[in-house]
Amino acid sequence: MGMPPVNPTPFVVLFPGRTGSSWLISCLDSHPAIEAEGERLVRRSPRSQRGWIERFYGRRRRGGVLARGFKTKLKDVWDLDAFRHLLQERGVRVVVLDRRNTIKLAVSTINARRLHERTGRWNRSRDTAALPPFELEPADLERELDECRELRERLAAFADTLELPRLALCYEDLLTDPEGRLAEIMAFLDVPPAPLASEVVKNTDDDLSRVLANHDALREHFAGGPHGAMFDRAG
């Protein structure tokens, strides 16, 4: 008599936004042994969120799937205590994404809103043209920096409360060494190595002078502060 089927390894990708999560999920979903979903908790009630998560993780293994997971921002989770308990109860492996360059994180967040306003989508695909440069007021960028900092700090604090296997990945490392970081996450999920590919492409150019029409003025405004050098730093 054969062994009874077991559930695939559960995982979740937690992120504050504009940290490569869509690219990563698309890559993981291209693996023949990984089932990776996007942000399925958005605009669901607390009861609906819990029900979806339990059904998703509760599916039996099929079609050679060895790992199954989804991604979410904490701001879309209604009850963080219940979410924490559910993750711990199922022994979910946690991938936490972050981005060191907070200037580029903030600009990318604003640029993503521009893309959504024009196309209804938050990420570019290969057949979507890049947006033209735009002007950004220093006060608007400072406000976005504050919001990004709060989201990152909240995520880090929540992740620290989880007594679960955790893998921390930075956007900059995904950008400079995608193959190495993808190999790292495949090992973390206990799936065999495989070539991975994503349909998602970078929305905001890494060279901010091609994105911000008033790049030099903004760089001068922030010069001497903690964010000054980030205008020209890779990532």
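At pLDDT 95 or above and at positive phi: is that true of residue 216 in this structure? No; evaluated as a whole, the condition is false for this residue. A search for C-beta distances below 9 Å between a residue of the stretch 158-182 that is free of Cβ contacts under 8 Å to residues at least 12 places away in the same chain and any residue that is in a helix (DSSP H, G or I) and exposed (fewer than 12 other Cβ atoms within 10 Å of the Cβ), counting only pairs 6+ apart in sequence or on different chains, returns 173/180. When 141, 131, 145, 136 are checked against the criterion of being under 30 Å from residue 217 (Cβ atoms), part of a loop (DSSP other than H, G, I, E, B), of a type in the set (A, V, I, L, M, F, W, C) and modelled with pLDDT of 95 or more, 136 stands alone in meeting it.
Total residues in the stretch 20-32 satisfying the condition of being buried (at least 19 other Cβ atoms within 10 Å of the Cβ) and either in contact with a Cys (Cβ under 8 Å, 6 or more places away or on another chain) or not hydroxyl-bearing (Ser, Thr, Tyr) (or both): the figure is 7. Only one entry of 12, 42, 95 meets the criterion of being surrounded by fewer than 19 Cβ atoms within 10 Å (Cβ to Cβ) and at pLDDT 95 or above, and that entry is 42.
This table checks each residue for (1) among the charged types (D, E, K, R); (2) farther than 24 Å from residue 68 by Cα; (3) not in a strand (DSSP E or B).
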{"residue": "169", "(1), (2), (3)": "no, no, no"}
{"residue": "174", "(1), (2), (3)": "no, no, yes"}
{"residue": "180", "(1), (2), (3)": "no, no, yes"}
{"residue": "187", "(1), (2), (3)": "no, no, yes"}
{"residue": "191", "(1), (2), (3)": "no, no, yes"}
{"residue": "197", "(1), (2), (3)": "no, no, yes"}
{"residue": "217", "(1), (2), (3)": "no, yes, yes"}
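To keep it simple, each residue is scored yes or no on (1) without any contact (Cβ under 8 Å) to a residue 60 or more places away in the chain; (2) in contact with a Gly (Cβ under 9 Å, 6 or more places away or on another chain); (3) under 20 Å from residue 89 (Cβ atoms).
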residue: 28; (1), (2), (3): no, yes, no
residue: 31; (1), (2), (3): no, no, no
residue: 39; (1), (2), (3): yes, no, no
residue: 43; (1), (2), (3): yes, no, no
residue: 55; (1), (2), (3): yes, no, yes
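I'm checking my understanding of the structure. Among residues of the stretch 64-91 that are part of a loop (DSSP other than H, G, I, E, B) and over 18 Å from the mean Cα position of the chain (by Cα), which one is modelled with the lowest pLDDT?
At the first step, the residues of the stretch 64-91 found to be part of a loop (DSSP other than H, G, I, E, B) are 64-66, 73, 77-79, 91.
Filter once more, so that each one left must be over 18 Å from the mean Cα position of the chain (by Cα): 64-66, 78-79, 91.
Details: 64: 90, 65: 95, 66: 96, 78: 96, 79: 96, 91: 97.
Result: 64.
Which ones in the stretch 70-102 are in contact with a Cys (Cβ under 8 Å, 6 or more places away or on another chain) and either charged (D, E, K, R) or within 22 Å of residue 26 (Cα to Cα) (or both)? 97, 98, 99, 100 - these are the residues of the stretch 70-102 that are in contact with a Cys (Cβ under 8 Å, 6 or more places away or on another chain) and either charged (D, E, K, R) or within 22 Å of residue 26 (Cα to Cα) (or both). Where residues in the stretch 65-92 are among the aromatic types (Phe, Trp, Tyr) and free of Cβ contacts under 8 Å to residues at least 40 places away in the same chain, which of them is surrounded by the fewest Cβ atoms within 10 Å (Cβ to Cβ)? My answer is 78. Condition test on residue 155, is it farther than 23 Å from residue 14 by Cα, assigned to a helix (DSSP H, G or I), touching a Leu at 6+ places or on another chain (Cβ under 8 Å) and modelled with pLDDT of 95 or more? For residue 155, the condition - farther than 23 Å from residue 14 by Cα, assigned to a helix (DSSP H, G or I), touching a Leu at 6+ places or on another chain (Cβ under 8 Å) and modelled with pLDDT of 95 or more - is not met. Just checking, does the stretch 49-59 include any residue being modelled with pLDDT of 95 or more, within 30 Å of residue 110 (Cβ to Cβ) and part of a loop (DSSP other than H, G, I, E, B)? No, that holds for no residue.
The values are calculated or read from the model by the stated rules, or taken from the named source; none is laboratory data. Remember, it's a predicted structure, so these values are computed and weren't measured experimentally. FYI the Cβ positions are ideal-geometry reconstructions off the backbone, even for glycines, and counts take in every protein chain you see.
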